[in-house]
Amino acid sequence: MIEISPDYVLKSFGRFDETLANSGQFKERMALLTTQFKQLATTYLNFLGDDAKITGQEKRILIESLEEMLSITVMMRRLDFGSEQSVVVIEKGNGQFRIQLRFVDKSIWELSGSVAPEYKIKIGIFRDWFNQVLSEKIRGFLTEYGNSALDKDITVAEKEKIALRLDEIAIDLVEMILYIERFMQFQ
């Protein structure tokens, strides 16, 4: 769970699912990422229902779904495309929104970050963010990975590009969690 202070300092930590943390389980991690992506869409649509409103409990469940997706994204970043890095800094909005991932060991990670007061969250409607932002980022990651894997050998430079795609997904997930937690109206 991401803790958000009143002045928008972010903190979290996590442990990778040990059943998926082995080096030979990339396909399982990839399948879980795409499954969670699809489940997020289904969950949101089910919550809207006939009344087109989301309750407080439903917001909580959406946040938990986003956090699960963040965890698998961070796991893939660490285990598959950046195992040599112990600290990763991801920024958005000219550094006004910043998160840092610190990997304590193979399966434990910490997230810290901050959002400057001048940073403007451009999310208005969850559905639009999901369809226009997250879908494109997931598609970009899958395309980057697919193109890199065509020759059955992913180079260090290709891994770095793929890792950057995962970084984009991670910071967008954190931004949506922040939006739901602090700004999303009961719709």
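The values are calculated or read from the model by the stated rules, or taken from the named source; none is laboratory data. Treat the numbers as computed from the prediction; the structure is a model and nothing was measured. As a convention, Cβ positions derive from the backbone with ideal geometry for all residues, glycine included, and neighbour counts pool all protein chains shown. In case anyone asks, the SASA skips ligands and DNA or RNA and just uses the protein heavy atoms, side chains included. Shrake-Rupley method; radii C 1.70, N 1.55, O 1.52, S 1.80 Å.
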Practice item. Please note which strands (runs of 3 or more DSSP E) are completely contained in region 71-144 and include at least 2 residues that are among the small types (Gly, Ala, Ser) and open to solvent by 20 Å² or more (accessible area, probe 1.4 Å). Key: 108-115
Exercise for review: Select from region 111-141 the residues that are out of contact with any helix residue (DSSP H, G or I) (no Cβ under 8 Å at 6 or more places or on another chain) and either under 22 Å from GLN25 (Cα atoms) or among the β-branched types (Val, Ile, Thr) (or both) and list them in ascending order.
Suggested key: ILE125, ARG139
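Limited to region 172-187, what total is found for residues that are open to solvent by less than 40 Å² (accessible area, probe 1.4 Å) and part of a helix (DSSP H, G or I)? I'd like the intermediate steps shown before the answer.
Here is the first cut: in region 172-187, the ones open to solvent by less than 40 Å² (accessible area, probe 1.4 Å) are 172-180, 184.
Checking the rest, the ones that are also part of a helix (DSSP H, G or I) come to 172-180.
Residues that pass the stated criteria total 9.
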Practice item. Could you list all residues from region 31-61 that are touching a residue at least 60 places away in the same chain (Cβ under 8 Å) and more than 11 Å from the chain's Cα centre (by Cα)? Key: THR34, LEU40, ALA41, TYR44, LEU48, ALA52, LYS53, ILE54, THR55, GLY56, LYS59
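Only one of GLU110, GLU68 is within 18 Å of ILE180 (Cα to Cα), out of contact with any Pro (no Cβ under 7 Å at 6 or more places or on another chain) and acidic (Asp, Glu); which?
It is GLU68.
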Revision key, fill the gap. The condition from (1) closer than 14 Å to VAL174 by Cβ; (2) open to solvent by 60 Å² or more (accessible area, probe 1.4 Å) that LEU10 misses is numbered (2)
Practice item. Provide a single number: the residues in region 145-171 that are open to solvent by less than 80 Å² (accessible area, probe 1.4 Å) and either in a loop (DSSP other than H, G, I, E, B) or of a type in the set (Phe, Trp, Tyr) (or both). Key: 3
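Whether any residue in region 126-133 is modelled with pLDDT under 95 and either over 18 Å from the mean Cα position of the chain (by Cα) or charged (D, E, K, R) (or both) is what I want to check. Steps first, please.
Filtering region 126-133 for residues modelled with pLDDT under 95 gives 126-133.
Those still in the list that are either over 18 Å from the mean Cα position of the chain (by Cα) or charged (D, E, K, R) (or both) too: 127-128.
There is at least one residue in region 126-133 that is modelled with pLDDT under 95 and either over 18 Å from the mean Cα position of the chain (by Cα) or charged (D, E, K, R) (or both).
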Revision key, fill the gap. In region 62-91, anything touching a residue at least 40 places away in the same chain (Cβ under 8 Å) and of a type in the set (Ser, Thr, Tyr) is listed as SER71, THR73
Check your understanding: Looking at (1) open to solvent by 90 Å² or more (accessible area, probe 1.4 Å); (2) β-branched (Val, Ile, Thr); (3) within 22 Å of ILE99 (Cβ to Cβ), which is the one condition that is false for THR19?
Key -> (3)
